[in-house]
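*Asks:* Before anything else, here's the structure in question.
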Amino acid sequence: MATLTPFFLFVIFSLFNPSTPSPVSLSVTPTVLAASGDPIRIQWSGISSPSKLDWLGIYSPPDSPHDHFIGYVFLSSSPTWLSGSGSISLPLVNLRSNYSFRIFQWAESEVDQHRMDQDHNPLPGTTHLLAESQRVRFGLTRGPEQIHLAFTDKEDEMRVMFLTEDGGGKQYVRFGERKNRLHEVVAASMARYEREDMCESPANGSIGWRDPGWIHDGVMTNLKKGVRYYYQVGSDSGGWSSTHSFMSRNWDSDETIAFLFGDMGTTTPYSTFIRTQEESIATMKWILRDIETLGDKPAFVSHIGDISYARGYAWLWDHFFTQIEPVASKVAYHVCIGNHEYNWPSQPWRPMWSQRIYGTDGGGECGVPYSLKFNMPGNSSEPTGTQAPDTRNLYYSFGMGAVHFVYMSTETNFLPGSKQYNFLKHDLESVDRKKTPFVVVQGHRPMYTTSNEYGDAPLRERMLEHLEPLFVKNKVTLALWGHVHRYERFCPVNNFTCGSMEQNGEDWEAFPVHVVIGMGGQDWQPIWEPRPDHPNDPIFPQPKSSLYRGGEFGYTRLVATKEKLTLSYVGNHDGEVHDMVEILSSGQVVSGHEADVADHALVHSTFSWYVKGASVLVLGAFIGYVLGFVSRARKEAAMRNSWTPMKTEDI
């Protein structure tokens, strides 16, 4: 018993000495989640000397090293943090691995100015671990996730892609015209990529890489035109998704409706290594409102490059697909490639003039996740020059209603003699203008912009030299671009010269109208080009060719019949139209000034049946996801209590 005396003395001393610190308690509820995006509540107590820099680390897999967190939240975001106790609610996206949480103390004297996030804020230190939680997992039979639709090359088909945790069993799509009678069944193909397919870090590093799961691809065939179909994806053994629905294409209809933007990204309810795009929530919210208001009218979404902004941090792709699923499970979601999906120093096509254009923007992904997670019409591809799969979804086209849509890649070879140039030339020359009188070309980097961004100048010069003549010759109606995170609409233009819009009865020319629509969510905002003789003064004259410039986040809404196409710029702060252009099938621009928005109003458009109540009703459909990100305000409060975010030059 003599050997136990010191232990008992320690216990008795601890009980009667209030200065002895009690262990920190950290708990999470629930520990099993039913679906991706479901929230958990994290509670802690017992922190004896709380600091505003104490933080909660989020880990998946749960046994990751301390500095390999996927995100963090400062405990000071809880209103009761000064008491040493508090709680935080966070939605968790399924990463196909369990989660755990850890609390660390961190002092300002320990800040490492050499270890920064993308905003140049110090990443938190992991020296002083206070507590670690139990593990949190997702249920086993919850069914597939990350569901998104796309058109195929056939008008009577619809593709659906989705994700499962393992590839152990066959997955299916079952569909039909009645919600309770999904008698048509098709098998889905299966694919995945590995860490070795990534080209550089962080994509192939221990911090950036996460298991991507298994990607499934099924095609619903022999669809009737303009009919609402219901569908589920999954299997009896692994579980089925909830029932979704979509409107099939109506190839006899003259009407076209689309929602178009670039550079949206995604957001997380926590801070991480790189900036995320909080405005992307509002973009999806308003588009969902529009889709719900359409009723039984087919439509689709077009996202022209810089898709998730994952840039090698794999879990951001999971957040992106979870965020778009309420929209992408209802309408086809079409994409083209941007610099942040693809660029890396050894990419195959990198001519001398492009050395400062094509850099490391892809975070080492080299187009692999983009190529496998989407499957667009056509069969375009380019080899990566590595063991990675070929880069796909580069250029393609399809018709819908009165519009022929063309997608191109500004990241791979588009010069004369290339496969892409030959495709664009043949496709534009082959359009049946009686069937689709309007032609809309989309790509990521703009041919025209008045932003103060000179890095892409050599690329724009070659686009103007080689692609603009194709556009003009074949009477392209609209050319839509992203990359610059603003909205800008130009006059009908050829070689920097405006064609007349016959506003005063003069002759007119059917030149393409170029519109930059990169305002989907990425919040690095470039300035406009200053005066050449006063480059450092904050005065940015608007050239005559630039008819409307806006810095508000949002998207564009395209509505067309065989007689007229209308493109409207919808702002995220109010969901209202802020600019509009109308083009006749002859190519004549009949309106397109800021004043026309007020004069024309919405009552003259196909969307005249918008009512204020529609917004309220649809917000309920989106509320599950948005409420999960209520912690956005808490996150901002946490940042105010610690470090101030700075804008970065990241386009």
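*Asks:* Would you check if V93 is part of a strand (DSSP E or B), of a type in the set (A, V, I, L, M) and either in the same structural domain as W524 (by TED's automatic domain parsing) or crowded, with 21+ Cβ neighbours inside 10 Å (or both)? Please lay out each step first, then the result.
*Replies:* Values: part of a strand (DSSP E or B): no; of a type in the set (A, V, I, L, M): yes; either in the same structural domain as W524 (by TED's automatic domain parsing) or crowded, with 21+ Cβ neighbours inside 10 Å (or both): yes.
No: the conditions fail for V93.
*Asks:* Just one of the numbered conditions (1) touching a strand residue (DSSP E or B) at 6+ places or on another chain (Cβ under 9 Å); (2) in contact (Cβ under 8 Å) with a residue 40 or more places away in the chain; (3) assigned to a loop (DSSP other than H, G, I, E, B); (4) surrounded by fewer than 16 Cβ atoms within 10 Å (Cβ to Cβ) is not true of D63; which one?
*Replies:* Tallying (1) touching a strand residue (DSSP E or B) at 6+ places or on another chain (Cβ under 9 Å); (2) in contact (Cβ under 8 Å) with a residue 40 or more places away in the chain; (3) assigned to a loop (DSSP other than H, G, I, E, B); (4) surrounded by fewer than 16 Cβ atoms within 10 Å (Cβ to Cβ), D63 fails exactly one: (2).
*Asks:* Residue by residue through region 331-355, note down the ones that are more than 30 Å from I257 (Cβ to Cβ), in contact (Cβ under 8 Å) with a residue 24 or more places away in the chain and hydrophobic (A, V, I, L, M, F, W, C).
*Replies:* W344, W349, W353
*Asks:* Kindly provide the set of residues from region 428-480 that are assigned to a helix (DSSP H, G or I) and under 24 Å from V589 (Cα atoms), ordered by number.
*Replies:* Filtering region 428-480 down to residues assigned to a helix (DSSP H, G or I) leaves 428-429, 457-466, 468-473.
Result: L428, E429, M463, L464, E468, P469, L470, F471, V472, K473.
So that you can scan it fast, the table gives a plain yes or no per residue for (1) assigned by TED's automatic domain parsing to the domain that holds K544; (2) touching a residue at least 60 places away in the same chain (Cβ under 8 Å); (3) closer than 16 Å to G550 by Cβ:
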{"residue": "K435", "(1), (2), (3)": "yes, no, no"}
{"residue": "V440", "(1), (2), (3)": "yes, yes, no"}
{"residue": "R445", "(1), (2), (3)": "yes, yes, no"}
{"residue": "T450", "(1), (2), (3)": "yes, yes, yes"}
{"residue": "R462", "(1), (2), (3)": "yes, yes, no"}
{"residue": "T477", "(1), (2), (3)": "yes, yes, no"}
{"residue": "W481", "(1), (2), (3)": "yes, yes, yes"}
{"residue": "M519", "(1), (2), (3)": "yes, yes, yes"}
{"residue": "Q522", "(1), (2), (3)": "yes, yes, yes"}
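*Asks:* Pick from G295, G359, G305: which is without any contact (Cβ under 8 Å) to a residue 40 or more places away in the chain and at positive phi?
*Replies:* On inspection, the qualifying residue turns out to be G295.
*Asks:* Go over the candidates L26, L4 one by one and state the one that is of a type outside the set (K, R), in a strand (DSSP E or B) and either over 30 Å from P144 (Cα atoms) or modelled with pLDDT under 95 (or both).
*Replies:* Values: L4 fails: in a strand (DSSP E or B).
Answer to the check: L26.
*Asks:* Filter region 439-456 for residues that are under 22 Å from L394 (Cα atoms) and of a type outside the set (D, E, K, R) and give the result. First the steps, then the outcome.
*Replies:* Filtering region 439-456 down to residues under 22 Å from L394 (Cα atoms) leaves 439-448, 456.
The answer is V439, V440, V441, Q442, G443, H444, P446, M447, Y448.
*Asks:* In region 242-269, which residues are outside any strand (DSSP E or B), surrounded by 21 or more Cβ atoms within 10 Å (Cβ to Cβ) and of a type in the set (S, T, N, Q)?
*Replies:* Within region 242-269, the first condition is being outside any strand (DSSP E or B), and the residues that meet it are 242-243, 248-255, 262-269.
Of the ones still in play, those that are also surrounded by 21 or more Cβ atoms within 10 Å (Cβ to Cβ) are 249, 262-269.
Of everything in region 242-269, those that are outside any strand (DSSP E or B), surrounded by 21 or more Cβ atoms within 10 Å (Cβ to Cβ) and of a type in the set (S, T, N, Q) turn out to be T266, T267, T268.
*Asks:* If a residue has to be in contact (Cβ under 8 Å) with a residue 60 or more places away in the chain, small (G, A, S) and over 18 Å from W481 (Cβ atoms) to count, how many in region 542-589 make the cut?
*Replies:* Qualifying residue count for the region: 5.
*Asks:* What are the pairs with Cβ atoms under 6 angstrom where one residue, in region 97-125, is part of a loop (DSSP other than H, G, I, E, B) and the other, located anywhere, is β-branched (V, I, T)? Sequence gap at least six, or different chains.
*Replies:* So the pair list comes out as Q118/I274; Q118/T648.
*Asks:* Let me ask you something else. Just name the residue that is nearest to G363 (Cα to Cα) out of those in region 127-150 that are surrounded by fewer than 18 Cβ atoms within 10 Å (Cβ to Cβ) and polar (S, T, N, Q).
*Replies:* Filtering first and then ranking leaves T127.
The values are calculated or read from the model by the stated rules, or taken from the named source; none is laboratory data. Worth saying up front: this structure is predicted, and the values here are computed from it rather than measured. Note: ideal-geometry Cβ built from the backbone for every residue, glycine included; neighbour counts use all protein chains shown.
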